[in-house]
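Below is one structure; the comments refer to it alone.
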Amino acid sequence: MEVDLGNLPSLLRWGVIAGLSVLAIGIVIEHLSGNPLIREAGLFLIVVTPASFLVSLSYKMFREREYKIALLSLLTLSVIVVSALLSLR
Amino acid sequence: MEPLVRFLEVMLSGIGVGIISSMAGIGGGTLMVPLMVLVLGVDVKVAIASSLLTIIVTSASSSTVYLREGLVNLKAALTLEPSTALGAIVGASITIGLPSNLVRRVFGFGLIVISLVMLARTFTRPKEKGEIKHWTLGVLSSFFAGMASGMFGIGGGVLKVPIMNLIMEMPIKEAVATSSFMVGLTASSGSIVYAIKGFVDPVLVLGFALGIIPGATLGAKSLKGMKSKYIKLIFALVLLYAGIKLVGW
């Protein structure tokens with residue numbers, strides 16, 4: 001199935017690059033000040049990158065009337081979100 | 001100075017993993033966890049968790065290219081992924097609940113199974129063309145590939161590619177690209193469970209991620225002229241040895 005994704009795939013690459021950059025800064029800051037907040041933000045960015053790709057993909061697919069792909073990506077996203085919620089318990 | 005030395009040590013290991021995994025044509029997870037445990041002396045659960053986060057980075061890098069080139073079968077990936085992600089969550093929860101010593105042995109056993117799958121694949125002719133079949137079986141098998149990913153901190157491509165190529169009869173190039181995309185999503189589901197429970201070592205994630213990407217490029221360049229079949233064979237045997245060592249036989 002040929003689906004035109006446009007610039008959407010770049011979201012994956014730039015998402016993890018942003019995550020790694022924040023993580024690197026966060027590790028240094030934690031080492032200097034003991035504050036883990038930015039390091040945690042970096043890890044969070046990396047973990048949510050695939051999920052944010054799925055959100056954007058489903059939005060794009062709904063707009064292009066590719067309902068099957070849109071619903072499947074929402075289903076995958078819901079499994080990931082449920083896993084996060086269950087882990088918090 | 002000590003954290004910097006450790007970071008450089010991890011990054012060099014990452015370069016090594018990148019070189020070997022791209023030469024063997026597999027994701028880095030199967031090599032990363034044994035390396036972290038047996039060489040860097042990291043606790044097995046921390047190794048698994050950190051490996052999964054690193055896999056998100058490496059998968060994002062490669063699947064961006066595959067998605068742009070239209071090689072990823074989105075319908076297949078998103079049909080198989082919910083059960084795979086569910087499997088990853090179940091696998092991660094099982095690993096977290098077990099004592100580290102037992103996880104180490106279970107991981108070793110899993111590594112033996114994976115190395116045997118790799119050995120079998122070395123001698124199996126992949127399907128080049130065909131129409132996708134056996135969707136239900138593919139979805140069910142994907143659950144177990146996801147479970148292996150969540151339990152052992154691997155991307156699971158070593159199982160996903162044979163499921164898509166040999167069971168579902170997806171052409172091999174499409175299966176590799178689709179698996180590469182799915183690996184990031186599966187690793188993301190599994191890693192959420194570990195990250196929330198605090199098992200991730202950020203220095204390992206950063207070091208391995210920054211090492212694997214240039215290492216993989218270097219490995220791909222040095223692969224020219226070498227027979228990948230023999231590299232895969234040697235790699236499978238090394239994994240078999242690592243598995244036996246982790247089990248403690």
Residue (of B:Ala47, A:Phe44, A:Trp14) at the positive-pole extreme of the protein assembly as shown, dipole from beta-carbon charges
B:Ala47
Tell me, in nm to one decimal, what length is gained between B:Asp43 and B:Asn101 on full extension, where the rule is 0.36 nm per residue of separation less the Cα-Cα distance?
20.0 nm
Rounded, prolate or oblate for the protein assembly as shown? Axes are the square roots of the Cα gyration tensor eigenvalues, ordered a ≥ b ≥ c, and the cut-off for rounded is a/c under 1.5.
rounded
Accessible surface, the protein assembly as shown, averaged per residue in Å² (probe 1.4 Å):
45 Å²
Please determine, in degrees from 0 to 90 and to the nearest 10, the orientation of helix B:202-222 with respect to the longest principal axis defined by the Cα atoms of chain B, where the helix direction is its Cα long axis.
50 degrees
Farthest toward positive dipole pole in chain B [+1 Lys/Arg, -1 Asp/Glu at C-beta], among B:Met168, B:Gly87, B:Tyr66
B:Met168
Averaged over B:80-87, number of beta-carbon atoms from partner chains that fall within 10 Å:
5
With a sphere of radius 11 Å drawn around the Cβ of B:Val103, what net charge do the other residues whose Cβ falls strictly inside it have (Lys, Arg +1; Asp, Glu -1)?
+2
Mean 1/r over all different Cα pairs, inverted: what Kirkwood radius does the range B:1-144 give, in Å?
17.5 Å
Based on alpha-carbon centroids, what's the gap between the range A:30-70 and the range B:139-179 in Å, whole number please?
23 Å
Setting aside same-chain residues fewer than 8 positions from A:Lys68, which aspartates and glutamates have a Cα under 18 Å from its Cα?
A:Glu2, A:Asp4, B:Glu81
Result for interface chain A to chain B, accessible surface buried in total, 1.4 Å probe, Å² to 100, stands at 3200 Å²
Shielding of A:19-27 by partners, i.e. mean partner chain Cβ atoms within 10 Å per residue?
4
Quick one: accessible surface of A:His31, probe radius 1.4 Å, all protein chains present, in square angstrom to the nearest 10.
130 Å²
Helix B:44-68 axis, angle to chain B major axis (alpha carbon atoms, nearest 10°)
40 degrees
The pairs in B:Lys160/B:Lys229; B:Lys45/B:Lys173; B:Lys173/B:Lys245; B:Lys45/B:Lys197; B:Lys197/B:Lys245; B:Lys75/B:Lys160 lying past 22 Å Cα-Cα in this model are B:Lys45/B:Lys173; B:Lys173/B:Lys245; B:Lys197/B:Lys245
What do you get for the angle between helix B:135-152 and the principal long axis of chain B? Use alpha-carbon atoms, 0 to 90 degrees, nearest ten.
10 degrees
Cα gyration tensor, the range A:41-89 - rounded (a/c under 1.5), prolate or oblate
oblate
Please report, to one decimal in angstroms, the Kirkwood hydrodynamic radius of the range A:9-88 built from all distinct Cα-Cα pairs.
13.9 Å
Provide, in order from the shortest bin, the percent of all Cα-Cα pairs of chain B in each 10 Å bin, continuing until the bin that contains the maximum pair distance.
8, 34, 40, 16, 2, 0
Suppose every Lys and Arg Cβ carries +1 and every Asp and Glu Cβ carries -1, with no other charges. What dipole size does the range B:2-247 come out with about its Cα centre, to the nearest 20 debye?
600 debye
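The values are calculated or read from the model by the stated rules, or taken from the named source; none is laboratory data. Since the model is a prediction, treat every value here as computed from it, not as a measurement. Using ideal geometry, Cβ is built from the backbone for each residue, glycine included, and neighbour counts are taken over all protein chains shown. Ligands, DNA and RNA are stripped out before the accessible areas are found, and what is left, the full protein with its side chains, is counted by its heavy atoms. Shrake-Rupley method; radii C 1.70, N 1.55, O 1.52, S 1.80 Å.
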